[in-house]
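Please read the structure below before turning to the comments.
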Amino acid sequence: MIARILHLSVIVALVLAAAYVYDIKFESAVQAERVAKLRGEIRRERDAIAALRAEWAKLDSPARIEGLAQRHLPLKPLDARHIDQLANLPERPKPPVPENPGDPIGALLEQDETDMPTGSIGASANGARHD
């Protein structure tokens, strides 16, 4: 009788172990499929990036830009008379005077933060907190 119970419990344990192994195998197959799908997406994205880089290189080529500049911009060749020495340049102009010298926001920013009450804690004469 005890041998039958032991055999029956071993058979149940084997069936449960087989079911658990099958579940692990199924999950690993699902994960392997997901990994393969992600690798395909990564490959497509890398191909798209390579295509965009090639297009950017074509659009950014100096010969193309020079052709566009000659076609669309009224540029003239640089004449040697246009170049001057640094000593002959005029002095830098003085910075403009602000129209409104009183900046209320700047004054608030320059104040000491400990003197300013916050919205959550109000300041009172005796330092007590208002709720």
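Only the coordinates and a few stated rules stand behind these numbers; no lab work does. If you're wondering where the values come from, they're calculated on a predicted model, not measured in any experiment. Reconstructed Cβ throughout: ideal geometry from the backbone, glycine too, with neighbour counts over all protein chains shown.
Contour minus end-to-end for GLU41 and LYS76, with contour as 0.36 nm per residue of separation and end-to-end as the Cα-Cα distance?
Working: separation 35, 0.36 × 35 = 12.60 nm, distance 4.99 nm.
Length gained between GLU41 and LYS76: 7.6 nm.
With the crude spin-label approximation of a point 7 Å out along Cα→Cβ, what separation in nm comes out for VAL15 versus LYS58?
Rounded to a tenth, the inter-label distance reads 6.6 nm.
Could you give the length gained on full extension between ALA29 and ALA50, defined as 0.36 nm per residue of separation minus the Cα-Cα distance, in nm? Don't skip to the answer; put the middle values down first.
Working: separation 21, 0.36 × 21 = 7.56 nm, distance 3.15 nm.
Stretched out fully, the ALA29 to ALA50 stretch lengthens by 4.4 nm.
Taking R0 as 25 Å, what FRET efficiency do you get between ARG92 and ILE65 from their Cβ-Cβ distance, rounded to the nearest 0.05? Spell out each step's value before the answer.
Working: r = 33 Å, r/R0 = 1.30.
Computed FRET efficiency for ARG92 and ILE65: 0.15.
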